[in-house]
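Asks: Got a structure for you, written out below as C-alpha cells; questions coming shortly.
The values are calculated or read from the model by the stated rules, or taken from the named source; none is laboratory data. These numbers were taken from a predicted model, which means no experiment stands behind them. Quick reminder, even Gly has a Cβ in these numbers, built from the backbone with ideal geometry, and neighbours come from all protein chains shown. Accessible surface areas use protein heavy atoms only, side chains included; no ligands, DNA or RNA. Shrake-Rupley method; radii C 1.70, N 1.55, O 1.52, S 1.80 Å.
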Amino acid sequence: QVQLVESGGGLVQPGGSLRLSCAASGNIFSINDMGWYRQAPGKQRELVAVISSGGSTNYADSVKGRFTISRDDAQNTVYLQMNALKSEDTAIYCCHAAIATHWGTYESDYWGQGTQVTVSS
C-alpha cells in the first residue's frame, strides 16, 4: 500500500504565499516523477508543476516565476512553494507520484486526496 498525504493548503490574501507538502509512505522501492495538479470549480484538472527524479522541473505557464517545486528524496516528499498568489490560483491541489513498489516492477500512478487553496481578500 502506498499513500500520498498533502498538507499546507488554506486561505490566503492575494499576493500572499503558501507552501504545500506531499509525503509518500508505504511500500516504496523508487519514485520517479512527482508533481502537483490543480482543479478549479468548473474547470479541468491541469498540471501545475512536475519534478523528475533527476531534479528537472516543468511548470505551467500561468505559474512560472511564482511557484517553485522541490523534493526531498530522503523523506519521499514533494513541495510546492507558491508566491504572489492570485485569485485564479484558487483550486484543489493534488499531488502525484510515479512509484515502483518492488525492484523490477513498473511504476504506478498514485494521487493524494487533495488540499484546498483559496486566494481571496
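Asks: Once R0 is set to 25 Å, what does the formula 1/(1 + (r/R0)^6) return for the Cβ-Cβ distance between Gln13 and Leu47, expressed as a FRET efficiency to the nearest 0.05?
Replies: 0.45
Asks: Ignoring ligands, DNA and RNA, please state the percent of accessible area on segment 14-103 from carbon and sulfur, probe 1.4 Å.
Replies: Values: 2110 of 4500 Å².
Here it works out to 47 percent.
Asks: Separate question: Just need the relative contact order of segment 31-121 here, percent rounded to a whole number, with Cα pairs under 8 Å and 6+ apart.
Replies: Working: 168 pairs, mean separation 26.2, N = 91.
For segment 31-121, the relative contact order is 29 percent.
Asks: Using 0.36 nm times the number of residues separating Thr101 and Gln3, minus their current alpha carbon distance, what extension gain do you get? Could you put the intermediate results ahead of the total?
Replies: Values: separation 98, 0.36 × 98 = 35.28 nm, distance 1.17 nm.
Result for the pair: 34.1 nm of gain on full extension.
Asks: No partner Cβ under 4.7 angstrom, meaning no disulfide-compatible partner by this rule: which Cys of the chain qualify?
Replies: So far as the 4.7 Å Cβ criterion goes, Cys94 stand without a partner in the chain.
Asks: Another question, then. With every protein chain kept in place and ligands, DNA and RNA left out, what is the accessible area per residue of the chain? Probe 1.4 Å, answer in Å².
Replies: Ligands and nucleic acids excluded, the figure is 54 Å² per residue.
Asks: Right, another one. What's the longest uninterrupted piece of the chain once you rule out the chymotrypsin sites (Phe, Trp or Tyr not before Pro) that are loop residues per DSSP with at most 12 other Cβ within 10 Å? Could the numbers behind the result be given before it?
Replies: Values: sites that count: Phe29, Trp103, Tyr106.
With a cap of 12 other Cβ atoms within 10 Å, the longest stretch comes to 30-102.
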